[in-house]
Amino acid sequence: MADTLHTDLETAVHSKAFEDAYQAASVARRTLYSRAVAYVAHLVRTHLPEAATLTFDTGEVELHEVADAKGKVLWHAPTAAGHGLPDSITDEVKGTLGDVIPFGNLAGAAGWKAAPQGRPLRTIRLPKTPPKTASSYFPTQEGPAKVQAEFTPGVHAMRITGPNPKYALETRDRIRAAIVNSGIQWPLGDMTVTACWTAARGGSAADLALACTALAASGHVPAGSVRGVVMIGQLGLDGRVLPVNDFDGLMQAAIDAGDLKFIVAEAQLAQAAKFPDIAVEGARDLNAALAFLTEMTA
């Protein structure tokens with residue numbers, strides 16, 4: 001009886017050890033597939049930002065096709081070889097997925113499914129790209145009004161939201177022109193800039209804050225660089241930062257809210273310097289403002 005009990009306990013210990021190892025291996029395999037797909041998505045979207053799925057030939061171990069969320073083919077082998085995706089990227093995708101496929105159980109890998117063309121082709125759903133964000137504040141008599149920008153790589157679009165469609169449209173066109181005419185390469189992607197109505201009431205004085213916050217979200221300057229810096233200035237279509245009306249009132253509202261760092265139009269730098277105990281830079285144009293933001297966060 002004692003020998004039987006001992007054997008049963010020993011069997012249970014081995015069984016439990018096996019179960020634990022199997023579970024750990026399963027988790028590790030799922031993690032491996034997930035990390036591999038995330039890496040591949042990053043590589044492909046560097047050149048095809050709209051990519052949502054890719055089809056991989058698990059038999060030949062080759063990248064077969066890349067498509068967007070609507071199924072439109074963005075790249076196809078071999079006809080697109082060397083176009084859209086550099087050979088170095090397709091080679092890296094091949095190497096990465098080729099390394100993980102031998103671990104097996106593709107049916108259990110999240111986002112992998114048999115392609116419509118049939119096996120051994122498999123369609124891999126790429127993870128959604130979370131939007132990049134940046135936020136700043138614009139001074140108003142009612143207090144600081146938040147400006148929020150969200151950027152998602154993909155189809156090119158830009159919008160400014162607010163309750164006044166005409167204001168939002170005119171401001172968007174002015175800011176977009178200022179960015180393009182400043183020689184700043186606007187990345188492919190969807191940009192939404194949200195400013196509450198109190199900020200919009202500042203009219204074109206909020207142009208610089210809106211533009212710099214958008215460019216922080218898209219990665220032209222660190223996302224945190226616009227936080228804690230008050231930007232006051234209208235933007236010309238050529239990218240110049242122009243003086244604004246009610247400048248003293250905007251400065252005082254910001255100081256009353258506790259803000260001490262400012263970027264203003266170069267033409268109003270002397271006017272801003274009259275306010276004590278603040279750090280202020282005068283920007284001639286949008287590029288100069290971005291340079292000051294980078295310096296302020298260094």
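From zero up to wherever the largest Cα-Cα distance of the range 2-125 sits, split into 10 Å bins and tell me the percent of pairs in each.
Calculated over all Cα pairs of the range 2-125, the distribution is 12, 39, 23, 10, 8, 6, 2, 0 percent.
Once both labels are modelled 7 Å past Cα along the beta-carbon direction, what's the Ala77-His14 spacing in nm?
Going from the Ala77 label point to the His14 one covers 4.5 nm.
What's the longest piece of the chain with no exposed trypsin sites (Lys or Arg not before Pro), counting a site as exposed if DSSP puts it in a loop and it has at most 16 other beta carbons within 10 Å?
Numbers: sites that count: Lys70, Lys72, Lys128, Arg227, Lys274, Arg284.
With a cap of 16 other Cβ atoms within 10 Å, the longest stretch comes to 129-226.
So what's the back-of-envelope 222 nm ellipticity for the chain, counting only DSSP H runs of four-plus at -39500 (n - 2.57) apiece and dividing by all residues, rounded to 500? Spell out each step's value before the answer.
Working: 8 runs with 116 residues, N = 298.
My calculation for the chain gives -12500 deg cm²/dmol from helical runs alone.
Once both labels are modelled 7 Å past Cα along the beta-carbon direction, what's the Asp246-Lys113 spacing in nm?
Taking the simple label geometry, Asp246 and Lys113 are separated by 5.4 nm.
Radius of gyration and Dmax for the chain's Cα atoms, expressed in Å?
Cα-based Rg and Dmax for the chain come out at 27.1, 97 Å.
Under a 10 Å cutoff between Cα atoms, tell me which one of Tyr22, Tyr167, Tyr33 has the largest fluctuation in the Gaussian network model of the chain.
Tyr22
Which lysines have a Cα lying under 24 Å from the Cα of Lys128, excluding residues fewer than 8 positions away in the same chain?
Hits, sequence-local ones excluded: Lys70, Lys72, Lys94, Lys113.
What's the tally of Lys pairs in the range 132-297 whose alpha-carbon atoms lie under 25 angstrom apart, where the two lysines are 8 or more places apart or on different chains?
Numbers: Lys132/Lys146; Lys132/Lys261; Lys146/Lys166; Lys146/Lys261; Lys261/Lys274.
Count of close lysine pairs: 5.
So what is the orientation-averaged projected area of the range 236-298, using the convex hull of its C-alpha atoms, in nm²? Spell out each step's value before the answer.
Values: hull surface 17.5 nm².
With every direction weighted equally, the projected area is 4.4 nm².
Would you mind computing, in nm to one decimal, how far apart the modelled labels at Phe275 and Ser34 are, each placed 7 Å from Cα along Cα→Cβ?
Inter-label distance under the simple model: 4.7 nm.
Mind listing the long-range amide H neighbours of Met158? Cut-off is under 5 Å, sequence gap 5 or more, other chains count too, H placed in the peptide plane at 1.01 Å from N.
The answer is Met191.
If you project the alpha carbons of the range 132-297 onto the principal axes, what extent comes out on each, in Å, largest first?
46, 32, 26
Please find, in a Gaussian network model of the chain (springs between Cα atoms separated by less than 10 Å), the residue of Ser218, Ser135, Ser15 whose mean-square fluctuation is greatest.
Taking springs between Cα atoms under 10 Å, the residue moving most is Ser15.
All of the numbers you see were taken from the coordinates with simple rules; none came from a lab. Since the model is a prediction, treat every value here as computed from it, not as a measurement. Ideal geometry is used to build each Cβ from the backbone, glycine not excepted, and the neighbour counts take in all protein chains shown.
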